[in-house]
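Quick notes on the structure that follows.
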Amino acid sequence: MLIFDSGVGGLTVFREVAAARPDARYIYIADDAGFPYGNQPEDKLIARIVNVIGDAIAEHRPDLVVIACNTASVIALAELRKCYTVPFVGTVPAIKPACAQSQSKRIAVLGTQATVSREYTRALIREFAASCDVVLVGSPRLATIAELELSGLPVADADIAAEIAPCFVETDNRRTDTVVLACTHYPLLTARFRALAPWPVAWIDPAPAIARRVNDLLHEWKTAALEAPPLIVFTSGRSPPAPLAAALRGLGFS
């Protein structure tokens, strides 16, 4: 199985998918040479994603590809499905479950600027959030902050607080009570978010739902547990810094 992200944020998805299907062999592609995706021109970004994933499919011949990146999914998933016959599982903002569980019916969608600005995201709001007030928050920095944190370079509380502040809206005696994490990097920062939030909210991580979808698709696929550890490939060719290497070893990567 191939898991793809612009960086290490997709490790939050890998962790859940691997727990659901420990019998699979995993190749994780981190397109750090193209990171960050959020502010790039759409046509160039689609071409890059299609080419990088195409090369990985040709080399590793996966049975399934998980696009563990909201930005890549909302802009390139349709093109990927046109170009390649392997099944794809994408990552899209979890607006439907967020609205279903919200008590105040006021939610925020926290993602990259590319994700929250796309018509795909607005269509999800029209379809599933008719009963909710939704604020879209495009963060230009949080994905990079998450990469820095996992690499052992902590970011100041004030910088993170400024990025999440627009999620918190209080009008007409109603507060935001649910925040959709519409970037797979953001769950890496959930503990910081909880500590810095002006009031408690539910933070919706898409990874468990993706793992359930993968398991459903592979329901009939049976194989013995494999001894080979998961493999991670950085498109930049770099070696990960020591804190990230330690985190990778904790997830089973060699």
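Bear in mind that the values in this text are calculations on the coordinates, not laboratory data. Everything numeric here is computed off the predicted structure, so don't read it as measured data. Every residue, glycine as well, gets a Cβ built from its backbone with ideal geometry; the counts of neighbours run over all protein chains shown.
Starting at the first residue of the stretch 50-63, write each ³J(HN,Hα) from the Karplus equation 6.51 cos²θ - 1.76 cosθ + 1.60 with θ = phi - 60°, in whole Hz, x for Gly and Pro.
4, 5, 5, 5, x, 4, 5, 5, 5, 7, 9, 6, x, 7
With r as the distance between the Cβ atoms of residue 113 and residue 165 and R0 = 22 Å, compute the FRET efficiency 1/(1 + (r/R0)^6) and round to 0.05. Working shown, then result.
Working: r = 16 Å, r/R0 = 0.72.
Efficiency computed from Cβ-Cβ geometry: 0.90.
Using amide H atoms built 1.01 Å from N in the peptide plane, name the residues 5+ places from residue 28, or on other chains, whose amide H lies under 5 Å from its own.
Long-range HN contacts for residue 28: 3, 231, 232, 233.
Given bins 10 angstrom wide, list per bin the percent of all Cα-Cα distances in the stretch 95-205, short to long.
Taking all Cα pairs of the stretch 95-205, the binned fractions are 15, 49, 30, 6, 0 percent.
For labels at residue 78 and residue 249 in the simple 7 Å Cα→Cβ model, what's the distance in nm?
Here the answer is 4.6 nm between the modelled labels.
Along the Cα-to-Cβ line of residue 190, 7 Å from the Cα, sits a label point; which residues in the stretch 16-39 have backbone N less than 12 Å from it?
Under 12 Å, as judged by backbone N against the label point of residue 190, lie 16 of the stretch 16-39.
In nm, to one decimal, how far is the modelled label at residue 157 from the one at residue 239, with both set 7 Å along Cα→Cβ?
Simple spin-label model gives 3.6 nm for this pair.
Once amide H atoms are placed 1.01 Å from N in the peptide plane, what residues at a sequence separation of 5 or more from residue 202, or on another chain, have their amide H within under 5 Å of its amide H?
178, 179
Compactness ratio of the chain: Cα Rg over 2.2 N^0.38 Å, N = residue count?
Relative to the rule-of-thumb radius for its length, the chain sits at 0.99.
Pull up all non-local amide H partners of residue 112: gap of 5 or more, or a different chain, and H-to-H distance under 5 Å with H placed in the peptide plane.
For residue 112, the qualifying residues are 139.
Report, in whole Å, the centroid distance computed from the Cα atoms of the stretch 121-178 and the stretch 18-39.
23
For a quick size check, give me the Cα extents of the stretch 17-79 along its three principal axes, largest first, whole Å.
38, 23, 23
Got a sec to turn the phi values of the stretch 201-214 into Karplus ³J(HN,Hα) couplings, 6.51 cos²θ - 1.76 cosθ + 1.60 with θ = phi - 60°, whole Hz, x for Gly and Pro?
Listing the rounded values in order: 9, 8, 9, 8, 8, x, 4, x, 5, 5, 4, 5, 5, 4 Hz.
Taking the number of other C-beta atoms within 10 Å as the exposure measure, put 145, 57 in order starting with the fewest. Can you show the working numbers first?
Numbers: 145 22, 57 18.
By the 10 Å Cβ count, ascending: 57, 145.
How many nm is it between the label spots at residue 55 and residue 148, if each spot is 7 Å from the Cα in line with the beta carbon?
2.8
Tell me, 91, 184 in order of fewest to most beta-carbon neighbours within 10 Å? List each step's numbers first, then the result.
Values: 91 28, 184 31.
Ascending Cβ contact count within 10 Å gives the list 91, 184.
Can you tell me the length gained on complete extension of the stretch residue 123 to residue 101, counting 0.36 nm per residue apart and subtracting the Cα distance?
Answer, rounded to one decimal: 6.0 nm.
Where in the stretch 96-124 does the amide nitrogen come within less than 16 Å of the point 7 Å from the Cα of residue 202, taken along Cα to Cβ?
Within reach of a label on residue 202: 96-110.
What is the order of 60, 185, 219, fewest Cβ neighbours within 10 Å to most? Don't jump to the answer; show the numbers that get you there.
Numbers: 60 15, 185 32, 219 8.
Ranked by crowding around the Cβ, least crowded first: 219, 60, 185.
Could you give the size of the charge dipole of the stretch 59-115 about its Cα centre, using +1 on the Cβ of each K and R and -1 on the Cβ of each D and E, expressed in debye and rounded to the nearest 20?
320
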